[in-house]
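Visitor: Let me begin by handing over the structure; questions about it come next.
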Amino acid sequence: MMNNTNKVLFISAFLFIAAIPGPSFSEQAGHQHASPAPSTPASGSNPLIEEMVQLDSVYKDIVSAVALGDNSRVHKALESMHGAMEKTHEGVHAGTVTIPKNAARIKEFVSMDTKFHEKLEALSRAAHRNNQKEMLRITKQLLDGCVQCHQTFRK
């Protein structure tokens, strides 16, 4: 049976995902599931979009796993994210990452992205300890980070 906190998490995640206008990141990038981003981006590709495609799938898995208290599934979901931030940050320096809104605030974006990935690592540690309460708290913080970043940098 799901407690009220887990219900709120599920509803919040559903509303967040449902509120994303238009095609999903997966459809925009031509992907159907999370897959590791290529180590060398193709000419004209945007590593940020590749990272968002991964996050779209991974976060859905995390929400479900956390709500069910399945720490091993949280670990499995997070594994595919290894290296994604670094590729995005390399793309920032190479000029292949573009953000559609507030592009001049790229340093702020990089900082937010770094903090977000630190939260992913904290979630991994909480899952390793099988700390359900901490996994839930961090998952909510991750959702808040998604919303804040999208409000600031996505049209």
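Visitor: Among the aspartates and glutamates, which have Cα under 17 Å from the Cα of Lys107 when same-chain residues fewer than 8 positions away are ignored?
Guide: Lys107 reaches Glu86, Glu90, Glu118.
Visitor: Using only the Cα atoms of segment 44-153, what do you get for the radius of gyration and for Dmax, in Å?
Guide: Gyration radius and largest Cα-Cα distance of segment 44-153: 14.2, 42 Å.
Visitor: Taking only the C-alpha atoms, wrap a convex hull around segment 88-143 and report its volume per residue in Å³ as a whole number.
Guide: Working: hull volume 4.3 nm³, N = 56.
In segment 88-143, the Cα convex hull volume per residue is 77 Å³.
Visitor: I would also like to ask the following. Identify all lysines with a Cα-Cα distance to Lys76 below 22 Å; exclude those on the same chain that are fewer than 8 residues away in sequence.
Guide: Straight-distance partners of Lys76: Lys60, Lys87, Lys115, Lys119, Lys133, Lys140.
Readers should treat all values here as calculations from the given coordinates under stated rules, not as data from a laboratory. Since the structure is predicted, the reported quantities are computational estimates derived from the model, not experimental observations.
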